[in-house]
C-alpha cells in the first residue's frame, strides 16, 4: 500500500475511534479548534443543547456557552476545571453546568480544546421546587369523554395566565389534581405549589397558617416567627381548597390581601408584598351561601375570575371503565394479586351507580373488590353494599364459568358483619379446600390467623346446628 | 369518545391501528378505499360504547384472515364480510344487533367498520386482542370461554365454508388450513355472543384509541419526537398504560425465515446516541415477540413491542424490516385483560417458544432501574 | 464521435457534450422560460457558433421528467380503455382516487373480464371470448384509444394479459398502443393497474412530444440515435421508450445520483441533491443508485414505481438554517451503514450554501466541480439496460436455479430491446426474495442487465 493511502486509512480509523469513544461518554463533550469553533460534539451534547451535531459544528463556543471566559481559555490553551457556566440550548434556555477544559497542542501550538460538562451541584430553583413539588400534570387527568377532554383543553389554555381560578366540583372529582396540573403548565411552574385546605384546619389556626406570624405574637409562637402560606408560595401558586369553609372574618382579610397584593403577619407591623397566583376550589354552592350571607359576594367576584367546573363522574360514565382499570392495576401491583375481570352484572351496577364520591369513591370500590373477590371474575356480591343496594332482587346470572357460590343467599338488603364474615370464610374454604393445608391458605388469604379461623368455623357450625 | 365514524375518520383509524400491531396486522390501501366508499354510499357508522348496547342483542365479530399480499392482488369487494355475517346469523337463527372487532391492529380495524357500513349496523368500541396476533383463537373471547364456532369464511367469489366445532383450537386449525385452499385470504365471522358476554370478555375503547392515535400521528407530520409524544399521551390515558422508550438505534442484522407463510426470525439493533453500544435483539414471528438487551429481556409479548422508523415515525412492520434503518423501540403495556393468566395460556411466552414466564414491561424496567439506582419519573424525553 | 446529453429540469435545460474518451467537452445551461425546446435550440445554436461539429454527435441522451404531465394536460384527446381481469366484480374501479384534472384529461373506459390467476399461477377461471366480445362491443371506443390490461397475479402468470393483447390486435388492428401490467412487476393489483393506465395515457402523448425534439435535431443536422433515461438511470432507445413512458418519469434523480458519484470519484456515497428549493438525499452503491419500490402518488393515483430511494425535504425557504441542516443530517444517517461512514456528496445548482455549512465531523463532505451538471453527466455516462421483475411459484419440476435462469434470460432480452449490444451485456444484479405472508414457494426475482450502445 502506498504511504498516502495508509495514512488515509489510519486517519479514517482514528476518526471512527474518536466518534465511538465520544459517543460512549455519558456527559456532554465538545471539541473546538484553536479559535473556539466547534468541531465535534457527542450524542449527550446533542441532547443537552437540543441540536444535532451538524448544527453545533457551525457554531462558535460563545454562541452556546455563556460565562467562564471559555473563549479566552481555549485560545490561550489553558486547562481548567469546575468553571461555572451556563449552557444555552436551542430554545435559548440556560442550564447551569460546570466545565472542564483540556487543551490540544500540535507542534507546540494551540490546536484546539476538549470541553467536558457536568451538571452543576446546585440550582436555585430546584431547591425551591424540591420543597413543594407538584405530583400531577395534565397527563394524570384520565379520561377521554368529550367533557373531560374539553375541560383539560380549557385548563391548559388558561394555565399560562396569572389570573385567579375558582374550581368548582363535587368532592372526589380531582380539583386539586387540576390545580396542580395548571401550576405545572403555568409560567410559575418552577416555583412552589402550596396548598391549604380551609376545612381541615381549625378556624383558630387558619389565619396564622395563611398569613404567618411574628415572634411573640401569641403564646407558643415560634422563635423567629413563621412564614404563612402566602409567603411560602412566593413565585408560585397558592391553592386554597374548600374555600367555602373559610370563616367570614377571614374572607374579609383574604379579600383585602387579594386586592392589595400585600399581607401582614399576625403580630407584625410590616406589610409584605406577595407574588402568587391563586387557585381556589370548593364543592359548596357559593351562590346559595352568598344569599344566606355565609360567603362574601365581593370575595366571590375576586376569586371567580376564571371558573372551572369539574364534572361529577356520573356525567362522564364513558371514563368509568378506564378509571376502574387504572386503579385496579395500581392495586393489583400493591397487593401482588392478579387483576380481576368484571362480570356483566357487576359492570352494569358500576355503570348505573350515581357515584356520589366520584373518583375517590372509584378508588375505594376497586380496593374493596381487589381485597374481597377471591376468584378472577368479580360478581355483584363482591361489590360494596352501596352498589349492591341498587337491585338486590336480581341474582347474578351464571356465565359459562361457574361462579363461586355464596352459601348464604341473603335476601335482606344489607348483610350483617357476621354474615358477611361467614360468607367470606366459606368462600375461602371452597377455594383452597378444607384440608389442613387448605385451611392455612384460606386463613392467609383472609388475613386472619389459623386459630381465629378455627374459632370462627366452630361458631358457624354451632349456628348452623342451631338454625336447623 | 368517538361516537360516529365518517369518511374522513377512516384514514385515522387505519393509521392509528398500525401502531397497535406490534409489527403485524398487515396493511391495505384497497380496504381503506372500500371502507371510505362504503361510508360515502351508505352513511356514517355508529361506534357504540359496550354499555349503550341493549342487553338482548347478539354481537358478531368479523375480520379478514390470510395473506394481505394476496388480498391486494385478488381484491375484495367488501360484501364478503356481509356475507359471512349473514351466514352466521342464519346458522344460529339470530339477527346481529352490532358488529365488533376481533383484532384491533392493521387491516382488521377497518373490516368491522366496512361491514357495519354495508350492513347498516353499529360497531361496538371493543375487540378481542388489543393488538395483532397470528391466530384467531388468540383472543380474550376464547380465553374466557366464548365459542369460536360457528365460523364462516368466504372469498371474493362468495364461496363460503362453515366450520362447527366445540373446540376452539381445532376450529382455528381448520380455518388456517382452509385459507390457503381458498386462494390465500378470506373474510370471516365468528364468536357470535350476547351483549353480556361481550361486556365481560372484550377489551373496551380500542377503536376510539386507534382513532385518537391516528389523529395525533397525522398532526405530527412525520416528526418522530412528536409521534412518540402522541403515543405516550394517548396510551397513558387508556387501559394500556404508559409506554417505555426502550432504545434508539440502527438495525445491523436481520435473520428472516419464511415457514408456511409465517415470517419469523430476529433482528439485531445497535444503540445510537445516548444508547450507544447497547446490543439489542428483537425476535419476531409475524409480530415482534421478545425484545432483549444482551441476555436481559426487556419487553415480552403480549406486551406490545413497537418499532418506529426514526425518520418518519411510521411503525415498521415485520415484513418491512431493512438493514441500516434507524429505529426507535417502544414497549407498550398490554391491556389488563390480555395479561390475565387465562389469556396468557393462549398468548404467553410458552406459546412462542420462550422459556421465560411473562413479566410486564413495567416490572422488567423496575428491576433494571432498581439495579441501576435510578428513579424514573418520566422515562422519555 | 460525440455524445450529447440533454437534461430537462423544471427550470433549466443543461446540455453537455462528451467525446469518445468520455471526456466532457462542453457544458451549457439555459433557464426554461417558455418551453424546454427553445432552451435546447439556443444551446444548439451556441454550440454551432462555437464550432462544434454537430454532425459528429452519434447519441443523444434525453433526461426529462415533469414534461409528460404537462404534455398530458396540454393534449386533448387521451382515451384509455382499462381492462381488468380478475375474480371480484364491482370492487373499486380503476382511477378511483384520481384528481379532477386528470379525470378530465384522461377519458377512461373500464371493462371487467372474468379470469386471472392464483398466487401459484394456476388460473382462477378461463377467459371467455364471448364475454370479451360482448363487453368490448358495448364499450364503443374511439379511434385513438390506447389499452391497459391488468390481470390478477399477472407477474406470476401473464398469460391472460397476453391473450387479451392478441384479442385487442385482432379486433382493433396492429397499431394500437397496448400496455400490459405484468411488465411493471409489482404486486398490488390497483397500484399496478394505475401504472399501466398512466403508461397507456402517456404513450398516446409521447410521440407528438418527441416529434418536436426530433425536428429540432434534424434542423441542426444531428442524425443520432435518441435514448431516454429510465427511472433507475439506465438508458433505453426512444423507440422503446414510447411504449414505456412511465419508466422514464423519474429519471433525473437517478441521473443526479450517478453523476454525483462520478464527479466525486466515489463508488459508494451518500448524495444530497439541492435544486428547485428542494433537497433529495439518496445513496449510490458500487456506482449504481440505490433503488426501491416506492408508493408514489401521482395526481391521486397510487402506483408502485421502481425509483431511487430518496428522502425529500422541501420548502427550503430559509436556506441553510439549522433546522434544514439537521434534517439533511438525519436523512444521511438513514443511509449510513453502521460502522464506517460513507462520504457525502453535494450536487445540484443550489447546493453550495448547504454544502458550505455542512460540517459533518465523521464523514468526508465533497462538493465536486460541475456540481450543477450532475444530472446531465449521470445521464450521459449511463449504460443501456433493462430489468424485469417477476414472481415465480416453485414446484416439483421448477426449482430456484431454474427460475433464476429464466428471469436472467428475460432481463437480457430487455437489455437488447433497450438498445444494448448483445455481446456486451452483463447482469448487474439478481435479487431473490420471498413474499410476505405467502408460502415459501413464491419467489420474487428481479434481474437487471446492461451493456454498451449497439
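The values are calculated or read from the model by the stated rules, or taken from the named source; none is laboratory data. Just so you know, these numbers come straight off a predicted model, no measurement behind them. Please note: Cβ atoms are built from the backbone with ideal geometry, for glycine as well, and neighbour counts cover all protein chains shown.
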- in contact (Cβ under 8 Å) with a residue 12 or more places away in the chain, in a loop (DSSP other than H, G, I, E, B) and away from chain C (no Cβ under 13 Å) - does that describe any residue in the stretch B:305-312? no
- Query: For the stretch A:320-337, how many residues are in contact with a strand residue (DSSP E or B) (Cβ under 9 Å, 6 or more places away or on another chain), within 13 Å of residue B:205 (Cα to Cα) and more than 8 Å from every other protein chain (Cβ to nearest Cβ)?
  - Reply: 0
- How many residues are crowded, with 19+ Cβ neighbours inside 10 Å, within 21 Å of residue B:140 (Cβ to Cβ) and more than 21 Å from the chain's Cα centre (by Cα) when one looks only at the stretch A:352-376? 3
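One residue is enough: does the stretch B:286-302 have a residue meeting the conditions assigned to a helix (DSSP H, G or I) and more than 30 Å from residue C:270 (Cα to Cα)? Break it down stepwise before answering.
Narrowing the stretch B:286-302 to residues assigned to a helix (DSSP H, G or I): none.
No, the stretch B:286-302 contains no residue that is assigned to a helix (DSSP H, G or I) and more than 30 Å from residue C:270 (Cα to Cα).
Only one residue in C:271, C:305 is away from chain A (no Cβ under 14 Å), assigned to a strand (DSSP E or B), buried (at least 20 other Cβ atoms within 10 Å of the Cβ) and at pLDDT 85 or above, so which one is that? Write out each step before concluding.
Details: C:305 fails: at pLDDT 85 or above.
After applying the criteria, what remains is C:271.
So, in the stretch A:4-32, how many residues would count as being more than 14 Å from chain B (Cβ to nearest Cβ) and surrounded by fewer than 17 Cβ atoms within 10 Å (Cβ to Cβ)?
Going through the stretch A:4-32, the residues more than 14 Å from chain B (Cβ to nearest Cβ) turn out to be A:4-15, A:30-32.
Among the residues that remain, those that are also surrounded by fewer than 17 Cβ atoms within 10 Å (Cβ to Cβ) are: A:4-14.
Matching residues across the stretch A:4-32 total 11.
Quick one: which residue in C:432, C:438, C:447 is under 20 Å from the mean Cα position of the chain (by Cα), under 30 Å from residue B:26 (Cα atoms) and not assigned by TED's automatic domain parsing to the domain that holds residue C:155?
C:447
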- All but one of (1) without any contact (Cβ under 8 Å) to a residue 60 or more places away in the chain; (2) assigned to a helix (DSSP H, G or I); (3) away from chain C (no Cβ under 11 Å) hold for residue B:319, so report the exception by its number. (3)
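From C:174, C:143, C:134, grab the single residue that is more than 14 Å from every other protein chain (Cβ to nearest Cβ), farther than 23 Å from residue B:185 by Cα and either in a helix (DSSP H, G or I) or more than 29 Å from the chain's Cα centre (by Cα) (or both).
Details: C:174 fails: either in a helix (DSSP H, G or I) or more than 29 Å from the chain's Cα centre (by Cα) (or both); C:143 fails: either in a helix (DSSP H, G or I) or more than 29 Å from the chain's Cα centre (by Cα) (or both).
Exactly one residue qualifies, and that residue is C:134.
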- Task: State all residues of the stretch A:343-359 that are more than 15 Å from residue A:311 (Cβ to Cβ) and either touching a strand residue (DSSP E or B) at 6+ places or on another chain (Cβ under 8 Å) or away from every other protein chain (no Cβ under 11 Å) (or both); if no residue qualifies, say none.
- Result: A:343, A:346, A:349, A:350, A:353
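Taking the condition of being within 14 Å of the chain's Cα centre (by Cα) and either under 19 Å from residue B:267 (Cα atoms) or within 13 Å of another protein chain (Cβ to nearest Cβ) (or both), how many residues in the stretch B:333-348 meet it? Don't jump to the end; show me each part of the working.
Start the filter on the stretch B:333-348 by keeping residues that are within 14 Å of the chain's Cα centre (by Cα), which leaves B:333-335, B:338, B:347.
Now restrict to residues that are either under 19 Å from residue B:267 (Cα atoms) or within 13 Å of another protein chain (Cβ to nearest Cβ) (or both): B:333-335, B:338.
Count: 4.
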- Query: For residue B:286, all conditions in the list (1) buried (at least 21 other Cβ atoms within 10 Å of the Cβ); (2) closer than 30 Å to residue A:43 by Cα; (3) within 14 Å of chain C (Cβ to nearest Cβ) hold save one; what is the number of the exception?
  - Reply: (2)
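Residues are listed down the side, and each one gets a yes or a no for (1) within 30 Å of residue B:237 (Cα to Cα); (2) without any contact (Cβ under 8 Å) to a residue 40 or more places away in the chain; (3) not assigned by TED's automatic domain parsing to the domain that holds residue A:224:
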residue	(1), (2), (3)
A:265	no, no, no
A:271	no, yes, no
A:283	yes, no, no
A:326	yes, no, yes
- Give the residue that is nearest to the other protein chains (Cβ to nearest Cβ), with candidates limited to residues of the stretch C:317-349 that are surrounded by 18 or more Cβ atoms within 10 Å (Cβ to Cβ) and more than 25 Å from residue B:325 (Cα to Cα). C:320
- Restricting the stretch B:229-264 to residues that are surrounded by fewer than 21 Cβ atoms within 10 Å (Cβ to Cβ) and within 19 Å of the chain's Cα centre (by Cα), the one nearest to the other protein chains (Cβ to nearest Cβ) turns out to be B:236
- Item | Residue list for the stretch B:168-209, filter: more than 12 Å from chain A (Cβ to nearest Cβ) and assigned to a loop (DSSP other than H, G, I, E, B) | B:182, B:183, B:184, B:190, B:191, B:192
- Task: Could you tell me which residue of the stretch B:83-107 is modelled with the highest pLDDT, considering only residues that are buried (at least 24 other Cβ atoms within 10 Å of the Cβ) and within 14 Å of another protein chain (Cβ to nearest Cβ)?
- Result: B:107
- Note on the structure: The number of residues in the stretch B:5-55 that are within 14 Å of chain A (Cβ to nearest Cβ) and part of a loop (DSSP other than H, G, I, E, B) is 4
- Item | Selection within the stretch C:382-396 - within 26 Å of residue C:263 (Cα to Cα) and surrounded by fewer than 22 Cβ atoms within 10 Å (Cβ to Cβ) | C:383
- Task: State the number of residues belonging to the stretch C:179-204 that are surrounded by fewer than 24 Cβ atoms within 10 Å (Cβ to Cβ) and more than 13 Å from every other protein chain (Cβ to nearest Cβ).
- Result: 4
- Item | residue B:63 being touching a residue at least 12 places away in the same chain (Cβ under 8 Å), within 30 Å of residue C:157 (Cα to Cα), surrounded by 23 or more Cβ atoms within 10 Å (Cβ to Cβ) and away from chain C (no Cβ under 14 Å) | yes
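Which count do you get for residues in the stretch C:82-105 that are under 22 Å from residue C:209 (Cβ atoms) and buried (at least 22 other Cβ atoms within 10 Å of the Cβ)?
The number of residues fulfilling the criteria is 0.
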